[in-house]
Amino acid sequence: MHIVELDVFAAAHGALAWPWIALDATHTRLAFAESGTTIATRVLDGKGTTVTPGPSFTLPEDLLLPATDPEKGLRAFALDSAGTQLALLGTGAEGGVVVTLQVAAGDAQTKRTRLADLATGDLVARALAFDRTGTHLWISADSATESAILLVDASSHELLGIARGAVFPPPAVHELHVHPTDDAVLLLASCGQDGTFARVAGWSGGDPRSVALLPTALDEGAEPAGFVGFSTDLAHVHLVEAEALRTHAWPGLMELASVPLDPEMVSSYAGVVLDHRILVDGAVEDDASDDAVMIFDRTGLRGSRVKPPVPSGMWVGRFGRDGLVTVESKGEPVTARIVRLPPPGN
């Protein structure tokens with residue numbers, strides 16, 4: 001595999017939930033904790049060959065990383081597609097909060113709202129993402145009795161809608177994946193031996209106040225799986241289990257196909273869709289330190305092992321048309337890389 005390294009940087013993570021690096025909705029900008037007090041950004045140029053620094057954001061004093069109080073501090077962050085607005089989730093002096101930091105004409109603007117003022121119930125926020133337009137925030141939260149996906153105006157923090165569902169088996173790790181063209185988001189809740197649950201929330205008719213859960217085939221859970229990506233035609237979702245790549249219809253998540261991985265490989269529950277290629281990350285079954293990658297065509301039906309060298313570390317997600325962000329699994333901070341995986345002959 002032809003690998004071109006575009007950038008290397010150190011990313012702090014502390015008590016952050018995975019992923020430790022936030023990608024914007026266009027997958028051309030990213031944000032990471034440069035230090036315990038600063039979130040830095042990187043921008044990919046239009047050709048997909050050069051990465052440059054973007055704006056930096058200073059964290060509020062009660063949302064530092066890591067916090068002096070283990071029960072408080074920053075838990076998650078998201079970057080908008082313009083690269084000038086950062087959203088934070090954490091536990092501050094007044095409890096759970098959502099904060100947006102905006103850089104406009106050189107002036108920093110801050111909006112801060114208690115989670116308890118957004119929705120009733122003892123909800124704890126787990127993940128957030130800007131919607132595809134950058135004007136709204138998706139927030140995934142849960143309590144002892146329910147799960148919820150909130151839609152919040154990014155500027156005013158007005159609650160536009162909330163979609164409530166059954167509680168996930170604890171402990172659940174939440175990830176939000178924004179659909180590139182639909183006003184919808186995919187929530188994956190990884191619940192250990194209880195498997196992975198998937199929920200889809202969205203709205204139609206241009207009215208975000210009508211946000212609701214869309215019934216899916218994975219509402220009640222399935223085998224543990226990780227997000228690979230939306231298909232090139234955006235009509236399907238690829239998820240990878242330990243030993244198989246599965247393709248689901250969007251947005252109902254009905255299973256369309258299941259293809260076994262190489263028998264000598266176990267996935268790391270991660271992958272990317274790069275142009276017309278689907279890549280699945282993993283390791284050799286008898287040697288977890290030996291990286292292994294499979295490549296599938298756009299259908300997700302035909303695949304094979306990739307010959308070394310292959311990208312190392314944990315895969316964060318796609319960056320640009322043929323780029324990938326990875327981080328090393330150990331260290332504080334960890335080493336992060338942005339690499340290109342151009343097709344053979346390019």
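Values for this structure:
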read-out	value
Solvent exposure of the chain as accessible area per residue, Å², 1.4 Å probe	43 Å²
Carbon and sulfur %, accessible surface of the chain computed with the full protein complex present, 1.4 Å	51 percent
Percentage relative contact order, the chain, counting C-alpha pairs under 8 Å, at least six apart	14 percent
Dipole magnitude of the chain, debye to nearest 20 (Cβ charges: Lys/Arg +1, Asp/Glu -1, about Cα centre)	780 debye
Reported label for calculated mean projected area of the Cα convex hull in nm² given [x] 16.6; [y] 21.9; [z] 18.4	[x]
Relative contact order of region 249-346, defined on C-alpha pairs under 8 angstrom at six or more residues apart (%)	18 percent
Cα gyration tensor shape for region 53-192, rounded if a/c is under 1.5, else prolate or oblate	oblate
Neighbour cut-off at most 11 other Cβ (10 Å), DSSP loop, trypsin sites (Lys or Arg not before Pro), region 1-97	LYS47
Calculated FRET value between ASP297 and GLU223, using beta carbons and R₀ = 22 Å, to 0.05	0.40
Estimated distance in nm for a label pair at ASP207 and GLN109, the labels positioned 7 Å out from Cα along Cα-to-Cβ	2.8 nm
J(HN,Hα) series, region 290-297, from Karplus relation 6.51 cos²θ - 1.76 cosθ + 1.60, nearest Hz, glycine and proline x	9, 5, 9, 9, 10, 10, 10, 6
For a label point 7 Å along the Cα-to-beta-carbon line of THR335, residues of region 1-30 with backbone N under 14 Å	5-11
Gyration tensor (alpha-carbon) shape descriptor, region 159-238, a/c threshold 1.5	oblate
Amide hydrogen neighbours beyond the local backbone of LEU256, cut-off 5 Å, H modeled	THR247, HIS248, ALA249
Within region 1-95, GluC sites (Glu not before Pro) in DSSP loop having at most 16 other beta-carbon neighbours inside 10 Å	GLU71, GLU94
Over region 1-115, equivalent-ellipsoid semi-axes from the Cα gyration tensor in Å	26, 16, 11
Spin-label model distance (nm) - GLU328 vs THR49, 7 Å beyond Cα toward Cβ	3.0 nm
Cβ-based charge dipole, region 1-127, positive-most Cα from TRP20, VAL51, THR113	VAL51
Positive-end residue of GLY192, PHE230, ALA283, charge dipole of region 172-310 with Cβ unit charges	PHE230
Long-range lysine pairs (8 or more apart or interchain), the chain, Cα under 29 Å	4
Histogram of C-alpha separations across region 5-66, 10 Å bin width, %	21, 52, 23, 4
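The values are calculated or read from the model by the stated rules, or taken from the named source; none is laboratory data. Note that the structure is a prediction, hence the values are computed from the model and not measured. In this analysis, Cβ positions are derived from the backbone assuming ideal geometry, glycine residues included, and neighbour counts consider all displayed protein chains. The accessibility values were calculated without ligands, DNA or RNA, using every heavy atom of the protein model including side chains. Shrake-Rupley method; radii C 1.70, N 1.55, O 1.52, S 1.80 Å.
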